[in-house]
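All remarks here apply to the structure that follows.
The values are calculated or read from the model by the stated rules, or taken from the named source; none is laboratory data. Bear in mind the structure is a predicted one, so any value in this text is a computation, not a measurement. Remember, those area values only see protein heavy atoms, side chains included, never the ligands or the DNA or RNA. Shrake-Rupley method; radii C 1.70, N 1.55, O 1.52, S 1.80 Å.
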Amino acid sequence: MVKHASKRRKTSKGDKEVQPLGTNPLTDEASKDDEERRLESMLFGTKFTPRGKDGFVSSLGEGEDGVVEGGQGMNNLLDADLFFVDDGVGTASQVGSNSNSEDEDEQNSGAESDSSESSVGSSSQPQPVVANSLLKSRKAPAWVDASDPPLVSLAAPRLRKLRDAPTEVSLSGREYETRLRRQYERINPEPSWATKARKTQREAVEGDDEAEESGVRDLLSSTAGILAPSNRKTRAGVVLPTGTLAIERLRDANQATQGSGSGEVKALAFHPSERVPVLCVGTADRRIRLYNIDGHTSPLLKTIHIPSLPLTSQSSATFHPLGSSILLTGPRPFFYTHDLQSGVTLKHARGLWGTTFNSINDTTPGRVRKRGRRGDSGGDETGGGGNGEGMEITAFSPHTGEMLAVAGRGGYVHLVDWKSGAGQVVGSLKCGGGGGGVRAIWWAPESCSPNVLGGKGANNPERRHLAVLSGDAEVYLWDVGERRCVRRWKDEGGFRGAGKIMAGSAAGNSGGWLAVGSNTGFVNVYGSDSFADPNTSTTTFSASAFGSNPKPIKTIGNLTTSISTLRFNHDSQIMAMASQEKKDAMRLIHLPSMTSFANWPTSSTPLGHVTAVDFSARSEYLAIGNTRGRVLLYHLRDYGVGS
């Protein structure tokens, strides 16, 4: 009897289908319930992962912090092992033969013929695969270790745990490495610090990408220069470290005019607004030059020549607090004003709008005036000193600049009403009877704290108290509204003729600073208690406490010659002090710690004899003038880039 060929048995829908590779019930993680997982974690010490709501557990899922867990297994695979390019060759015939064989099986499901076997056999034959041209283009490895086996057998009992299916008997070298790493991560999970570090690194990379994209977007949507991009970094919360300052030297601010023989720099002043990057430079040739500070070329904007007014002090060129004009003063009874909007420079030949200081001071009956020098006519001429006083030291009241304080002769400080436009001298303050004269004036800050000078006017934008330093190293605190001296004390270690310069700042967490420099090179830094008003303070102070001299927080002795320059930056974290008498005699002080920055200046910093120093409105730039006529420009990187 002829034995027919064995019939092909059709599997029913209820029969169990063949499991694909990696889904064996013995090793499939998705088929295990929570109890089995808990037992495995107790026996093998692995991390217990509960079964998900949908019945599947992903080994590459994200943790609570959004960090991928268990996803390190494929880090060492090449791109050729993970991806391939479907070029479409041979796929149409293969799909057509497979679909025809399936249709033929459905039509002849109950027939027993050899044609069905042949059709199934033909469809099951492997199709030729065209090699990928991209994989062929990969360069061959430069060196292959002959000791590395191409295949690793899994017959050993200790390697059976690496199998994904019981039928696996060998693995390639790279797949074997991947399985070992996966098994190691199961036994020794990744520590939390490594997970956090990877998350931080990923966020930093994403942040840099976003910043780069926003930078390109801002550049394309702005008409500003490419070399001076706008500062996107917030500068409100800048905290400078102690000991080291991130400082970078730029091209000199007045490089465009250094060959003009302008002489030494007398005055430096940045525009009070951070939106106007303009630097005013006054030199010994009686010229005022305005530069556009962009951190690169700093082009010259305008030159103002005032041949009749020599510039002698650092306050000879001063911006109005509103930034609308520049006040130009010197050792003459007249002054100039330059309007920035119209570009017009006006000369006020009769002093402060026709009022001379001597006519106010000489009110004592029977006092005989000394005859002036030849050519003087009561101060009404434009040259010489005459009977009028000079205006070398001046200071606008902050914020609105409604009042101007001018240091006169014999210890007088004159108050000028600048707001009304009439420019009348509305009052004068007399500081002692010594021969030291007035060396510095500063408008003391208002504060919400009642124990700080100006507490009554905390809501008033104008400061109504004035601090005056005399040549005898005495500090006078005046109530401008009442024309009354509310406090007087002597600088520690000061003596007759020792007082040289004073500077103050209303910023900072401590309520403000007051620094006094002497001719011995010492700088005493005081806190806000040094300008506290006993009449407006609600804090308990004894009369002797206000009558005695305040104690300085720190006495800085880095310099050994007479102090000529003191300047605070906008947030009172840096104080610049310099002496003109000695070369390279300048230091930057970190005020929170009262220590100097050790990394600047260096032995190669070309400071020379420093004559003037100023910070920009937001401390992005530091300008330093010297006797050689150069204006050194530095960039403080902690405060970002100026706009």
Order by accessible surface, 1.4 Å probe, largest leading, for residues K554, K196 comes to K196, K554
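Against the globular-protein guess of 2.2 N^0.38 Å, express the Cα radius of gyration of region 546-620 as a ratio, rounded to two decimals. Can you show the working numbers first?
On the way: Rg = 13.5 Å, N = 75, 2.2 N^0.38 = 11.3 Å.
This ratio for region 546-620 stands at 1.19.
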Under 5 Å from the placed amide H of G427, counting only residues 5+ away or on other chains, we find L415
Residues whose modelled amide H sits under 5 Å from the amide H of R487, counting only those 5 or more places away in sequence or on another chain, are L477
For region 486-497, Karplus-derived ³J(HN,Hα) couplings (6.51, -1.76, 1.60; θ = phi - 60°; whole Hz; x for glycine and proline) come out as 8, 6, 8, 8, 9, 5, 5, x, x, 8, 4, x
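Over all directions, how big on average is the projection of the convex hull of the alpha-carbon atoms in region 228-345, in square nanometres?
On the way: hull surface 37.0 nm².
For region 228-345, the mean projected area of the Cα convex hull comes to 9.3 nm².
Just need the relative contact order of region 461-620 here, percent rounded to a whole number, with Cα pairs under 8 Å and 6+ apart.
The normalised contact order for region 461-620 reaches 16 percent.
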Residues whose modelled amide H sits under 5 Å from the amide H of Y621, counting only those 5 or more places away in sequence or on another chain, are S616, L636
